[in-house]
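To keep things clear, I will list the structure first and then write my remarks on it.
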Amino acid sequence: MKNEMRVEFDSISANEAFARVTVAAFMTQMNPSMEEVADVKTAVSEAVTNAIIHGYEGEVHKIVITGCIEDEWLTLCVEDQGIGIEDVEKAMEPLYTTRPELERSGMGFLFMEAFMDEVQVDSEPGKGTAVTMKKRIVQRED
């Protein structure tokens, strides 16, 4: 089975919840556990928050989430066309933040990696960032 979706929305904090619910609804066809849904919602929330706060630095632009379900894999990509990341490796270090004045914890990528099976970050300064996350949803017998 393969199914895909794409959603685009404004980069405002109110849309974090929209992104979480949209992705949760999309993945229900995989019959995930509540824990799996919570994990994915948390990872998506972190990626969307990063796009809003760091990618667009508070300006309102567009964020795109694409999703694909293929067999037992859920793949999600959260993209912005914002400022990009100079040093992805550094940005993925725990507690690293470019916005300490906003009391950001610098744990977003760590949470994404903890809750998903794979996380890949592609970014180019001045062009934006794409965070691709994969999670294997094991089909259970009811």
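Determine the calculated [θ] at 222 nm for the chain from helices alone, applying -39500 (n - 2.57) to every DSSP H run no shorter than 4 residues and normalising by the residue count; nearest 500 deg cm²/dmol.
Numbers: 4 runs with 42 residues, N = 142.
-9000 deg cm²/dmol, from helical runs alone.
How far is helix 34-50 tilted off the main Cα axis of the chain, in degrees rounded to 10, range 0 to 90?
Rounded to the nearest ten degrees, it is 20.
Packing-wise, with mean Cβ within 10 Å as the measure, how do 66-74, 29-37 rank, highest first?
66-74, 29-37
By how many nm would the segment from Val21 to Lys2 lengthen if fully extended, with 0.36 nm per residue of separation less the alpha-carbon distance?
Numbers: separation 19, 0.36 × 19 = 6.84 nm, distance 2.04 nm.
Result for the pair: 4.8 nm of gain on full extension.
Could you work out the per residue convex hull volume over the alpha carbons of the chain, in cubic angstrom?
About 99 Å³ per residue, rounded to a whole number.
Take Asp71 and Gln139, extend 7 Å from each Cα along the Cα→Cβ direction, and tell me the distance between the two endpoints in nm.
1.2
Can you tell me which lysines have their Cα less than 17 Å from the Cα of Lys2? Leave out same-chain residues fewer than eight positions away.
Straight-line reach from Lys2, under 17 Å: Lys134, Lys135.
Coordinate-derived values only; no laboratory data. None of these values were measured; they are calculated from a predicted model. No Cβ is skipped: glycine too gets one built from the backbone with ideal geometry, and neighbour counts run over all protein chains shown.
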